[in-house]
Amino acid sequence: NAPIEQIDPEIAQVIENELNRQRGTLEMIASENFVPRAVMEAQGSVLTNKYAEGYPGRRYYGGCEFVDVAETLAQQRAQAVFGGDHVNVQPHSGAQANAAVLHALAKPGDTILGLELAHGGHLSHGMRINFSGRFYNAKAYGVDPQTFRIDMDRVREIALAEHPSVIIAGWSAYPRIVDFEAFRQIADEVGARLWVDMAHFAGLVAAGLHPNPVPVADVVSTTVHKTLGGPRSGTIFSKQEFAKKIDSAVFPGQQGGPLMHVVAAKAVAFKLAATEEFKARQRRTLEGARIIAERLTAPDAKANGIDVLTGGTDVHLVLADLRTSQLDGQQAEDILHEVGITVNRNAVPFDPRPPRVTSGLRIGTPALATRGFGAEEFTEVADIIAQALKPQPDVPALQARVRRLADDFPLYPGLEQW
Ligand code: PLP
């Protein structure tokens, strides 16, 4: 029972270094967040020792009386926040949740229709070398080349031509609210199932700041660790008609034993998602993204070739458009890293630069909102980003401004180590 510093000092050092990195920099990767201490406690608990194949009350292992309580609480709390006839809280990750969804809704070889990866879709929505592109006949819809928004008339045309069994709405890099009702109508017209992947914006949905796809779609998958701010994992909501299929697609279709420590941590996260504090944080998340979009569409940013795709955002992220900038996505990511702001470069639709370089940045506000940032701090961050992306930025001055923000909003205050 020796502590990790004694058993494995190298890994203990990695954890300490990572904690210091998270504390000392500004995290703006749109899919990341900081989990509350209570979530980490559940995840780092003895529940990791327990096998619990099956579902509460129907396990294939003895000794599940306590983990059954954890899973039932996770289910009840998830449904209290999002609704839905049925929920499965066992997927280990978003990608595994999505594999289970396709397993439940389609047969290998069936046609599926999702948002083009290069236009903001996810790997698991039909990318060529992902399981979804290898086992299914994956077709894609894209964004309009002028507006950079999804054109629902075009989605309908493609759906009528391709006869998909599953239509996928949801994204990894798209700054606008998607019209779930329009997707529903198209799915009904062509006889397809509608699957929404709300991984990115689930926290906004939970706070009532984004339309909820759960009452509209046949199946909704999500990750729990992005805007929702819970443990790294997935969850699936479904209409009653698909409940059994989803459950058997997750176990035994996709997975063996559920990660009960993570299921318990999901219960904690769903409990927190129902609080006023969580809602206020999601409001600050949205406000921060709007402030950054405004700053990066200001005339001086435009003069440097910086712009924002679709001219703004409805969600927790901004897609900076660098197509006419001297900086490519890689260079912009690197300069922000040097300043102390972590973002990821991202291809923009119809990107003229190669995929490893790209012409875009995906900038997200969930982690900084969790850290406590409000309008004033996001205005300062937006200004630092805009200045860093100018020619010959004053890097030491910008580093000092980042450090001041990081110091003013300490991460996990009082904790020596994790
Ligand atoms: N779905 C969407 C829309 C995502 O953006 C992501 C992750 O980025 C996933 C699914 C996959 O989640 P995970 O990384 O947990 O497999």
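The values are calculated or read from the model by the stated rules, or taken from the named source; none is laboratory data. Model, not experiment: these values are computed from the prediction. Cβ coordinates were reconstructed from backbone atoms using ideal geometry, including for glycine residues, and neighbour counts include every protein chain displayed.
Among residues of the range 323-344 that are farther than 17 Å from THR297 by Cα, those with a beta-carbon under 8 Å from a residue that is part of a helix (DSSP H, G or I) and among the acidic types (Asp, Glu) at least six positions away or on a different chain give the pairs VAL343/GLU333; ASN344/GLU333.
The set of residues from the range 210-232 being among the hydroxyl-bearing types (Ser, Thr, Tyr) and within 12 Å of GLY170 (Cβ to Cβ) comprises SER221, THR222, THR223. Does LYS279 qualify as being among the charged types (D, E, K, R), in contact with a strand residue (DSSP E or B) (Cβ under 8 Å, 6 or more places away or on another chain), farther than 26 Å from ALA118 by Cα and part of a helix (DSSP H, G or I)? So LYS279 fails the test. Taking the range 163-189 as the range and being farther than 14 Å from SER221 by Cβ and either within 13 Å of the ligand (Cβ to nearest atom) or surrounded by fewer than 18 Cβ atoms within 10 Å (Cβ to Cβ) (or both) as the test, the residues that pass are HIS163, ALA173, TYR174, ILE177, VAL178, ASP179, GLU181, ALA182, GLN185, ASP188, GLU189. The test for being surrounded by fewer than 13 Cβ atoms within 10 Å (Cβ to Cβ) and over 19 Å from LEU317 (Cα atoms) holds for LEU415.
Filtered by the rule that a residue be part of a helix (DSSP H, G or I) and surrounded by 13 or more Cβ atoms within 10 Å (Cβ to Cβ), the range 5-27 gives GLU5, ALA12, ILE15, GLU16, LEU19, GLN22, ARG23, GLY24. The residue pairs whose first member lies in the range 354-382 and is surrounded by fewer than 20 Cβ atoms within 10 Å (Cβ to Cβ) and of a type outside the set (Gly, Ala, Ser), whose second member is in a helix (DSSP H, G or I) and at pLDDT 95 or above, and whose beta carbons are closer than 7 Å, counting only pairs six or more residues apart or on different chains, are VAL357/GLY329; VAL357/GLN330; THR379/ILE291; GLU380/ARG401; GLU380/LEU405. How many residues, within the range 365-418, are under 25 Å from the mean Cα position of the chain (by Cα), more than 14 Å from GLY288 (Cβ to Cβ) and β-branched (Val, Ile, Thr)? The number of residues fulfilling the criteria is 1. Assessment of the range 83-102 against the conditions (more than 30 Å from ASN137 (Cα to Cα), small (Gly, Ala, Ser) and within 19 Å of the chain's Cα centre (by Cα)) yields no matching residue.
When the criteria are applied in full, ASN137 fails the requirement of being crowded, with 18+ Cβ neighbours inside 10 Å and either closer than 20 Å to VAL250 by Cβ or over 24 Å from the mean Cα position of the chain (by Cα) (or both). Looking only at residues in the range 203-232 that are near the ligand (Cβ under 10 Å from one of its atoms) and not charged (D, E, K, R), the one that is nearest to ALA100 (Cα to Cα) is SER221.
With buried (at least 21 other Cβ atoms within 10 Å of the Cβ) and part of a strand (DSSP E or B) as the only criterion, which of ILE236, ILE292 stands out? Reasoning before the result, please.
Values: ILE292 fails: part of a strand (DSSP E or B).
Within the list ILE236, ILE292, the selection yields ILE236.
For the range 100-135, enumerate the residues that are in a loop (DSSP other than H, G, I, E, B), under 24 Å from SER31 (Cβ atoms) and without any contact (Cβ under 8 Å) to a residue 60 or more places away in the chain.
Here is the first cut: in the range 100-135, the residues in a loop (DSSP other than H, G, I, E, B) are 106-110, 116, 120-122, 126-130, 135.
Filter again for under 24 Å from SER31 (Cβ atoms), leaving 116, 120-122, 126-130.
The answer is GLY121, GLY126, MET127, ARG128, ILE129, ASN130.
Only one of the numbered conditions (1) in a helix (DSSP H, G or I); (2) surrounded by fewer than 19 Cβ atoms within 10 Å (Cβ to Cβ) is not met by LYS390, and that is (1). Based on what the data block shows, is ARG284 under 22 Å from THR227 (Cα atoms) and of a type in the set (D, E, K, R)? Yes, satisfied. Tell me which of these ALA30 doesn't satisfy, since it passes every other one: (1) in contact with a strand residue (DSSP E or B) (Cβ under 8 Å, 6 or more places away or on another chain); (2) assigned to a helix (DSSP H, G or I). Evaluating ALA30 over (1) in contact with a strand residue (DSSP E or B) (Cβ under 8 Å, 6 or more places away or on another chain); (2) assigned to a helix (DSSP H, G or I) leaves (2) as the failure.
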